[in-house]
Amino acid sequence: MTDQFGSEKRSYSRESLVQVPAAKVEIGMFVAELDRPWIETPFLLQGFEVRSRSQIRSLMNHCQYVYVLKEGVQRKHLETNVPRFAPPPRKQDMGTLLPNARMKRKTRAKRPVLRSRPAYEPGKPVRLEHRVARRVLETGRVNIKALLRSAQTGQMLDTELAEETVSSCVQTILANPEAILWMTRIKDQNEYTAEHCLNVCVLAIAFGRHLRMDQQELQLLGLCGLLHDVGKMRIPPAILDKPGRLSAEEFDIIKGHTLSGHRLLEETGKGLHPLTLDVALNHHERPDGGGYPRGLGLDELSEFSRIISIVDAYDAITSNRCYAREQPSADAQKIIFQNRGGQFDEELALHFIQAIGPYPPGTLVELRNGMVGIVLAGKPRFRHLPTVLLLRDAGKQPMDERTVELDLTDSGALSKEFLIQRTHPDGSFGLSVRDYRVKETPAAL
C-alpha cells in the first residue's frame, strides 16, 4: 500500500518531514521518503543518511524531490529493508543459474578438478616481478573502489574496467604468482570490502593456475572473484562495519548481499558472463546444503562458486575485520581442512591448501637459530621449505638482506638450524610487507 509520498510503508509522521528538491539535498540529511516508490530506485533501504555526493546525484537522477527528517526528530534504529526480489527459483534441472549446468557437473565429477594440461612454469624471476605486482595491485585498488562506488549509487558498472583489472592480475600471476601473493598480505581494515574483493580475485586466479586452468578460465574466475561481494555495497554501513555481534535481523540483512549482488550485476553489469552472476548469488552456499540464500547442495553448485567460497573464507579469516582479528594462514587452512566436505568442496579444499602452502609469500617467520625474515617464494616440491629473505639476526637486530633456500636443509647442504620455528604477525620486529621493497639483485647467504 502506497501513500502520497510514493512509499510502500510510512516510517515517519508527516509532521516529522520536510519536502526538499533533490538538487538541494545536502550531506548529513536523512532521507525518509521519496516522491516515488523505493522499489523504483537503486536504494536498498527505505530511509538513509546522505553520506556522499554520488548519493545526491543518484537522488537527482530518480527523484524531483524527497522528504528529509526535521532536525531533532529521532531516527529509527534500523530502517526498513526495501523488498526488491525473491531468490531465483530452483529449477528442476539446475540450482545454479547456468543452463544444463547440473548435467555438466555430473560429467565433471568423474574426473579430478586438476586440468589435464602441463603445469605452469614461472615466466619471470619473482624478484623482477615484485615491482610490477605492486603497481598492478595499487591500480587494482583504485579500480575496485570505483566499481564499488558505482554499485553503491546504482550506476552502470564499468565492465571494461573490471576486465582490465583482472587481466593485469592474470598476466602477473602467469609471470610469477609469488610476487602478487606477497602484495595481498598488505591490508587496510578501513578498506576491507574493496581489498577483500581484489584479494579474492588474485587468490582465485593463483588457485586456478595451480589447477592448470587455461588463460580464458583464469580471466573469468578472476572476474567472478572481483565482483563476488558487490552486493555488500547495498548493505547499510552501520551494519556492514558493526564491530560487535550482529542481531538476527542484522545478519539476515547481511545475508541479503548475495541476492543484491546478483540483481545488481543482472541490471548494471552489461555483457558480464553468467558465471559472475552465479558466483555473486551462490558463493555462500555449501556442499552440505547448509548455506544461503537457497540451501543448494553439492550437485547444484558450479565449480567456480565452490572455488570462490573457499578463497573468500580464506582471505576473510586472514584479514583484520571490524569484528575479528586476522588469523595466521596456517590457522585459516586448518579451518578449511576441518570443514571440507561440509562447508567447502572436499577435493577443491585439499588442492587449495596445497596451492597456498604453509608459509605463503609475505609471511614473517622466525628460524630455529633465532633469525627472522619474510618468505619470498614457496617451492613446489618442498612447500614447508620456502625461500626466505633474512632481515634480522639471531638477536633480532637489523642485518643486510640475505636470501636462504630452506630446501637445502633436506640434502644437508644447509644446517637444520635454518628450519622455520614459528610465524609472527606482520609488523613484528619492525618488519612489514607493506614497507619492505624486495631487491631485484639477490644477496646469497
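The values are calculated or read from the model by the stated rules, or taken from the named source; none is laboratory data. Quick caveat: nothing in here was measured; it's all calculated off a predicted structure. In this analysis, Cβ positions are derived from the backbone assuming ideal geometry, glycine residues included, and neighbour counts consider all displayed protein chains.
Check off (1) more than 24 Å from Ala355 (Cβ to Cβ); (2) at pLDDT below 90 for Ser150 and give me the number that stays unchecked.
Here Ser150 clears every test but (2).
Got a sec? Which of Thr423, Thr409, Thr441 is crowded, with 16+ Cβ neighbours inside 10 Å and either within 16 Å of Glu178 (Cβ to Cβ) or over 27 Å from the mean Cα position of the chain (by Cα) (or both)?
Going through Thr423, Thr409, Thr441 in turn, just one is crowded, with 16+ Cβ neighbours inside 10 Å and either within 16 Å of Glu178 (Cβ to Cβ) or over 27 Å from the mean Cα position of the chain (by Cα) (or both): Thr409.
In segment 301-326, what count of residues is obtained for those that are crowded, with 22+ Cβ neighbours inside 10 Å and more than 30 Å from Ala238 (Cα to Cα)?
Result for segment 301-326: 3.
Go through (1) surrounded by fewer than 21 Cβ atoms within 10 Å (Cβ to Cβ); (2) part of a helix (DSSP H, G or I) one by one and return the number of the condition Pro243 breaks.
Here Pro243 clears every test but (2).
If you check every pair at least six apart or on different chains, which have Cβ atoms under 8 Å apart with a residue in segment 393-414 that is closer than 19 Å to Gly378 by Cβ first and a residue that is acidic (Asp, Glu) second?
Taking only residues 6 or more apart or on different chains, the pairs are Leu414/Glu405.
For residues that are assigned to a loop (DSSP other than H, G, I, E, B) and of a type in the set (Gly, Ala, Ser), scanning just segment 299-339, find the one that is modelled with the lowest pLDDT.
In this case the residue turns out to be Ser319.
Would you be able to say whether some residue in segment 193-200 is touching a strand residue (DSSP E or B) at 6+ places or on another chain (Cβ under 6 Å), of a type outside the set (A, V, I, L, M) and outside any loop (DSSP other than H, G, I, E, B)?
Looking through segment 193-200, none of the residues is touching a strand residue (DSSP E or B) at 6+ places or on another chain (Cβ under 6 Å), of a type outside the set (A, V, I, L, M) and outside any loop (DSSP other than H, G, I, E, B).
Any residue that is over 17 Å from Asn176 (Cα atoms) and either part of a strand (DSSP E or B) or out of contact with any helix residue (DSSP H, G or I) (no Cβ under 6 Å at 6 or more places or on another chain) (or both) - is there at least one of those in segment 355-362?
No, there is no match, as no residue in segment 355-362 is over 17 Å from Asn176 (Cα atoms) and either part of a strand (DSSP E or B) or out of contact with any helix residue (DSSP H, G or I) (no Cβ under 6 Å at 6 or more places or on another chain) (or both).
Could you go through segment 411-423 and let me know if any residue there is among the polar types (S, T, N, Q), assigned by TED's automatic domain parsing to the domain that holds Leu298 and touching a Lys or Arg at 6+ places or on another chain (Cβ under 6 Å).
No, segment 411-423 has no match at all.
Cβ-Cβ distance below 9 Å, separation of 6 or more or different chains: which pairs start in segment 228-247 with a residue that is in the same structural domain as His196 (by TED's automatic domain parsing) and within 27 Å of Ile205 (Cα to Cα) and end on one that is assigned to a loop (DSSP other than H, G, I, E, B) and among the aromatic types (Phe, Trp, Tyr)?
The qualifying pairs are Arg234/Phe43.
Return yes or no: is Leu259 in contact with a Pro (Cβ under 7 Å, 6 or more places away or on another chain) and either over 20 Å from Phe48 (Cβ atoms) or touching a residue at least 60 places away in the same chain (Cβ under 8 Å) (or both)?
Answer is yes for this residue.
Scanning for something free of Cβ contacts under 8 Å to residues at least 60 places away in the same chain, among the basic types (Lys, Arg) and closer than 28 Å to Gln327 by Cα, does segment 145-165 turn up at least one residue?
yes
Which of the residues that make up segment 396-445 are in a strand (DSSP E or B) and either out of contact with any strand residue (DSSP E or B) (no Cβ under 9 Å at 6 or more places or on another chain) or not charged (D, E, K, R) (or both)?
Correct list: Pro398, Met399, Thr403, Val404, Ile420, Gln421, Thr423, His424, Ala444.
Under 6 Å by Cβ, and 6 or more places apart or on different chains, what pairs join a residue from segment 52-72 that is touching a residue at least 24 places away in the same chain (Cβ under 8 Å) and farther than 18 Å from Met156 by Cβ with one that is surrounded by fewer than 18 Cβ atoms within 10 Å (Cβ to Cβ) and of a type in the set (Gly, Ala, Ser)?
Lys70/Ser16
Contact list please: Cβ distance under 6 Å, first residue in segment 2-31 and under 14 Å from Arg57 (Cβ atoms), second residue modelled with pLDDT of 50 or more and assigned to a helix (DSSP H, G or I), pairs at least six apart or on different chains.
Ala22/Leu59; Ala22/Met60; Ala23/Met60; Val25/Ile56; Val25/Leu59
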